[in-house]
1. Kindly provide the trypsin sites (Lys or Arg not before Pro) of region 64-110 that DSSP labels as loop, not H, G, I, E or B, and whose Cβ sees at most 12 other Cβ atoms within 10 Å.
2. Quick one: with all protein chains in place, what share of the accessible area of the chain is carbon or sulfur, to the nearest percent (1.4 Å probe)?
3. ILE106 to ASP302: FRET efficiency via 1/(1 + (r/R0)^6), r the Cβ-Cβ distance, R0 60 Å, to the nearest 0.05?
4. Normalised by the empirical 2.2 N^0.38 Å for globular proteins, what value does the Cα Rg of region 53-140 take?
5. So what is the accessible area of the chain per residue, in Å², with the probe set to 1.4 Å?
6. So how far apart, in nm, are the two label points at LEU48 and GLU211 if each is 7 Å from Cα heading toward Cβ?
7. How large is ³J(HN,Hα) for each residue in region 332-344, as worked out from phi by the Karplus curve 6.51 cos²θ - 1.76 cosθ + 1.60 (θ = phi - 60°), to whole Hz, x for Gly and Pro?
8. Looking at region 1-92, which GluC sites (Glu not before Pro) are in a loop (DSSP not H, G, I, E or B) and have at most 14 other Cβ atoms within 10 Å?
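The values are calculated or read from the model by the stated rules, or taken from the named source; none is laboratory data. What you see is a predicted model; the values in this text were computed from it and never measured. Please note: Cβ atoms are built from the backbone with ideal geometry, for glycine as well, and neighbour counts cover all protein chains shown. Surface accessibility is based on the protein's heavy atoms, side chains included, excluding ligands, DNA and RNA. Shrake-Rupley method; radii C 1.70, N 1.55, O 1.52, S 1.80 Å.
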Amino acid sequence: MAAQYDLTSKMIPFLDLHLVFPLLEFLEINELFYTPTTLLEARYELSLKTSMIDLIDKLHGELKDAGVTTAPIELVERRKEVLEKLMNSQAEAQKVMDVIENPEVINALRQDKLQNLQFLKDNYGMTAEMIQTLYKFGQFQYSCGNYGGAADMLYHYRVLSTDDTLGLSALWGKLASEILVGNWEVAFEAVQELKEIIDKTHFASPLHQLEQRTWFLHWSLFVFFNHPKGRDAVVDLFLQPAYINTIQTSCPWILRYLTAAVVTNKRRKNLLKELVKVIEHETYQYRDPITEFVEALYVNFDFDLAKQKLAECEEVLENDFFLVAIQEDFIQNARCFISETYCRIHQKIDVAELSQTLNMTKEEGEKWIVNLIRDTKVDAKIDYKENTVLMNNNTQSVYQQIIERTKGLSFRSQVLATSIEKREAAQIKAAQHEKNHPSTAVSETATKA
């Protein structure tokens with residue numbers, strides 16, 4: 001069942017090839033969906049597009065051991081070329097680094113990049129082309145798999161460069177580098193900066209901006225599901241109109257991650273209604289057990305279906321590269337959602353029946369309900385003789401809710417009516433004054449003229 005919900009093939013087109021390696025390794029380690037040989041071949045084909053010669057050699061040997069015939073490759077000569085290019089690029093970049101690491105230069109640099117460039121040109125003969133060597137060296141280090149060095153070079157390039165296009169490309173590269181070394185704090189800052197640039201930049205066409213946002217959504221998943229504040233950011237960012245539109249237009253499968261972030265985030269529980277609307281609207285285009293669980297519980301109020309989908313969610317979460325770490329949080333919070341919704345609908349609840357709905361044994365269910373009542377301070381009592389929970393519903397009746405809302409509507413209508421009356425009275429008074437004093441009106445007009 002879980003194989004049909006694997007999103008790897010959908011996400012790869014929107015990821016840099018270096019970011020694809022962790023996804024393939026996850027599938028290979030957990031023996032998911034594809035044969036080991038297929039995944040090994042996929043990693044090998046990807047590695048050929050990089051300058052990671054050691055990795056190419058290693059994967060080529062593993063394929064040979066697995067009995068897979070591959071096209072012959074000349075790694076000795078290629079390694080020599082890569083090392084030569086690396087040394088040349090490093091030498092060029094070092095000339096720039098020697099200047100900008102000079103304490104006097106550091107103290108002289110300001111926020112204005114054009115002013116900095118002029119200062120470096122006048123005092124050290126540095127040109128824009130020389131600064132660009134930092135970008136080229138960082139880019140080549142990234143291709144070689146030296147992600148820490150790449151992040152450092154691209155950072156220095158962005159500090160000095162006045163080229164907005166290459167600056168944006170360098171920020172994408174720096175983000176990927178920080179992701180691949182697991183530097184989540186810096187990566188989180190890079191995500192925030194990248195979003196701001198994408199939103200403010202005037203691209204050649206709306207389609208180009210849509211593509212940038214689509215790539216951004218996919219790359220940000222690496223950061224948001226590894227950073228402590230990441231799930232807050234997923235909810236706050238992905239529900240913004242521009243990004244909801246991107247999800248609906250280009251990548252509806254991102255709804256899985258938005259839904260998981262909302263379900264596991266008690267601080268953003270107030271946005272659940274908005275999420276339900278999006279899921280209900282997009283159900284024709286994308287659905288999986290995670291979105292179907294929310295739909296079953298909050299649209300159809302079908303507890304049997306919600307129970308079934310929750311069981312399926314466990315498998316989907318376990319097999320998802322981004323969500324496997326939050327599997328336990330999701331299940332716990334999902335059970336809370338079921339319990340709360342069940343308690344709002346029923347006044348007398350059979351503990352055994354609710355335990356079954358939560359996919360728990362009777363003993364586990366009893367402990368769960370006791371803890372839920374204690375932690376959430378629900379106004380309820382447990383009848384241990386009948387093994388039931390009695391809810392003390394203090395909610396307003398439908399009629400009382402209508403009365404309260406009507407009161408607010410009546411007040412707003414009254415304010416609006418009063419405002420209209422005052423405006424009409426002022427217009428009548430002005431017209432009457434003009435009628436009684438026509439000479440004054442004519443003289444005022446002449447004075448203005």
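1. Within region 64-110, the qualifying trypsin sites (Lys or Arg not before Pro) (loop, at most 12 other Cβ atoms within 10 Å) are ARG110.
2. 52
3. So the FRET efficiency works out to roughly 0.40.
4. 1.69
5. I get 56 Å² per residue for this part.
6. The modelled label-to-label distance comes out at 2.5 nm.
7. Working through the residues one at a time gives 4, 5, 4, 5, 4, 4, 4, 4, 5, 5, 4, 5, 5 Hz.
8. GLU31, GLU74
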